[in-house]
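Novice: Pasting a structure here, questions to come.
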Amino acid sequence: MTTVEESPRHGWRGAWRAAHAPLAGAPPSARLVAHAIPFVVLPSGVWRIATVVFAMAGDGRHHGAADTTAGLPTPVYVTLLSVLSELLAFAAVGLIAPWGEAFPRWVPVLRGRRVPLPDDFPTIALHGWRLGSFLAAYAPLLLWGPLLGLLTVAYWRRRRTPPAPRS
C-alpha cells in the first residue's frame, strides 16, 4: 500500500500515485466514483474559463478587467472559482485515500494527525425524530442533479426539432 508519506521522495509522479492510492477495503466502485468526480467537474471549469477568455458567453462582448465580480476582475474571479471547484472535487479522493484519514506530512501544524469527525457533527448529534426530519429534509437534494439532467435532455430534445407549422 502506498502512503502519503512516500510522495516527497518520488517527485510529482510519486505524489500523484500516493494521493490516488486507495486504502485497503475501499470497494472498486468507490474508487471509480472518487476518481471520476474531478473529471466530472472539470468540463464546467474549462467552459467557464473559455467564456471569459474567448468571449464565448453569448452576449457578444469580451469580459475584461473592467468587469468585476465579487470585487475581482471577472476573468480572475471565474478562474479562481473553477480552480476552487476542481480542488473541492478532488477532495472526494480523500474518502478512499490515506490523506483522508491522516493529514499528510507536508501540511503545517496538522501533519500526521488523524482527520477528525467531530462528535458534535450535526448528523451524529441527532437522534430519533430530529434525525428523521433532517434526513427527510436533505435526502431530496440528492435528486437535484439527476432530475436536472433529465430536464436538460428533455429541453434539448424539444429544441432540436423544428416547430411544427401552425395551421
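The values are calculated or read from the model by the stated rules, or taken from the named source; none is laboratory data. Just so we're clear, the structure is a prediction, and the values are computed from it rather than from any experiment. Because the Cβ atoms are built from the backbone with ideal geometry, glycine has one as well, and the counts that use them run over all protein chains shown. The area values use the complete protein model at the heavy-atom level, side chains included, leaving out ligands, DNA and RNA. Shrake-Rupley method; radii C 1.70, N 1.55, O 1.52, S 1.80 Å.
Novice: So who's got an amide H within less than 5 Å of the one on THR69, skipping anything under 5 residues away but keeping other chains? H placed 1.01 Å off N, in plane.
Specialist: Here THR74 satisfy the definition.
Novice: Moving on. From the phi of every residue in the range 140-149, what ³J(HN,Hα) in whole Hz does the Karplus formula 6.51 cos²θ - 1.76 cosθ + 1.60 yield, where θ is phi - 60° and glycine or proline is x?
Specialist: x, 4, 5, 7, 4, x, x, 5, 5, x
Novice: Now for a separate question. Scan the range 125-167 for trypsin sites (Lys or Arg not before Pro) in coil per DSSP, keeping those whose Cβ has at most 12 other Cβ atoms within 10 Å, and list them by number.
Specialist: Those that pass, being in a loop and sparsely packed, are ARG166.
Novice: What distance in nm separates the two pseudo spin-label positions at ALA139 and HIS20, each 7 Å out from Cα along the beta-carbon direction?
Specialist: 3.6 nm
Novice: Report SER44's accessible area, 1.4 Å probe, all protein chains in place, as a number in Å² to the nearest 10.
Specialist: Accessible surface of SER44 is approximately 50 Å².
Novice: Report the FRET efficiency, 1/(1 + (r/R0)^6), for ARG130 and ARG105, where r is their Cβ-Cβ distance and R0 is 35 Å, rounded to 0.05.
Specialist: 0.30
Novice: About the Cα centre, and with charges only on the beta carbon of Lys, Arg (+1) and Asp, Glu (-1), how big is the dipole of the range 70-167? Nearest 20 debye, please.
Specialist: Here the size comes out at about 540 debye.
Novice: Still on this structure, I have one more. Using a 1.4 Å probe and ignoring any ligands, DNA or RNA, find the accessible area of TYR138 and quote it in Å² to the nearest 10.
Specialist: TYR138 exposes around 130 Å² with every protein chain in place.
Novice: Still on this structure, please answer the following. What percentage of the solvent-accessible surface of the range 88-163, computed with a 1.4 Å probe over protein heavy atoms, is contributed by carbon and sulfur atoms?
Specialist: For the range 88-163, the apolar C and S fraction of the accessible surface comes to 70 percent.
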